[in-house]
Amino acid sequence: MEHFTLFLTDSLDPLYITDIVITSVVALLTIVFFVYRLRRKFALIVYLCIFALYLTSLFLNLPYLKDISHILLIVFSLLCIFENALDFRKLIANFSTERRKEKNKAHGDIDRNELYKKIDEAVHLLSKSKTGALLTFEKEQNMSEIMKNGTIINAPVSVELIQTIFYPGTRLHDGAVVIRGDTIVAASVYYTPTTRALTGKYGSRHRAAFGISEVTDSVTVVVSEETGRVSLAYMGRLTPVLLDEFLSEFTDVMNRE
């Protein structure tokens with residue numbers, strides 16, 4: 001009875017209550033992790049025994065037992081973390097893989113390497129012929145509203161189609177092409193050009209590319225019709241890119257989170 005009275009008296013202490021709550025939450029989370037993730041039955045039994053020992057020390061007001069069980073809980077948790085480090089890495093890897101799968105699924109489960117090679121080939125041809133072009137690649141932010149001022153195409157990406165669209169004199173060669181996944185969704189899409197003062201000589205295409213990069217997370221490839229030079233516009237930055245380095249630079253920007 002005396003132990004129970006002391007237990008009730010101590011339980012009124014805010015620090016005592018906080019100690020119990022934090023320890024119990026950590027213990028319960030660890031138990032859930034053992035059961036639903038690692039499925040370690042022996043570890044679960046040992047952990048439950050230590051936790052029961054901790055609760056007993058609280059009820060009987062045994063400070064030494066409480067400290068020992070506290071230490072055992074911490075030590076056992078750390079041991080389990082180190083012992084199951086591989087499982088943790090697998091869980092993280094699986095989580096990252098699932099995220100990539102979901103992202104690819106949202107974009108039609110495409111073969112990105114194949115798509116990027118097509119874009120690289122198209123950009124090389126446009127650059128060498130000094131054919132002005134704007135190619136915008138939608139990422140997380142949906143651009144359907146922006147595309148309303150263009151012409152809907154909904155055709156698979158191909159080098160020939162990109163060349164045809166931007167061929168001087170064709171009806172769709174002005175404005176930008178918007179690509180979602182491996183599909184050319186729209187062409188002749190016009191953007192609000194940036195109002196920012198740019199250093200150097202930039203035409204309307206570059207200003208439009210810069211402008212769309214300021215309001216969306218899309219990636220835009222610009223090919224100058226005067227020089228054939230290639231630039232990438234992304235997150236409010238316009239970066240010149242050498243043709244030989246375009247594929248690696250473009251892939252890097254497209255893969256950024």
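Every number in this text was worked out from the coordinates using simple rules, so none of it is lab data. This is a predicted model, so every value here is computed, not measured. Cβ placement follows ideal geometry from the backbone for every residue including glycine, while neighbour counts extend to all protein chains displayed.
The local environment of GLU225, defined by Cβ-Cβ distances under 9 Å, has a net charge of +1 under the rule Lys, Arg +1 and Asp, Glu -1.
Give me the net charge of LEU242's neighbourhood, meaning all other residues with Cβ under 10 Å from the Cβ of LEU242; Lys, Arg count +1, Asp, Glu -1.
Residues near LEU242 contribute -2 overall.
If the chain linking GLU140 and LEU62 were pulled fully straight, counting 0.36 nm for each residue of separation and taking away their Cα-Cα distance, it would gain 22.4 nm. Net length available on complete extension from LYS128 to LYS201 is 24.3 nm, with 0.36 nm assigned per residue and the Cα-Cα distance removed.
Figure the gain on full extension for THR227 and THR170 (residue separation times 0.36 nm, minus the Cα-Cα span) and round it to one decimal in nm.
Roughly 18.5 nm would be gained on extension.
Residues within the reach of a label modelled at GLU114 (point 7 angstrom out along Cα to beta-carbon, backbone nitrogen below 18 Å), restricted to the stretch 152-178, are 155-162.
Which FRET efficiency value, to the nearest 0.05, is calculated for SER158 and SER248 with the Förster distance at 25 angstrom and r the Cβ-Cβ distance? Walk me through the numbers on the way to the answer.
On the way: r = 22 Å, r/R0 = 0.89.
After rounding, the FRET efficiency stands at 0.65.
Here the stretch 112-254 is treated as a sphere whose radius is the Kirkwood value from Cα pairs; by Stokes-Einstein at 25 °C and 0.890 mPa s it diffuses with a coefficient of 167 µm²/s.
Spatial offset of the stretch 178-226 relative to the stretch 112-158 amounts to 11 Å, using the alpha carbon center of each.
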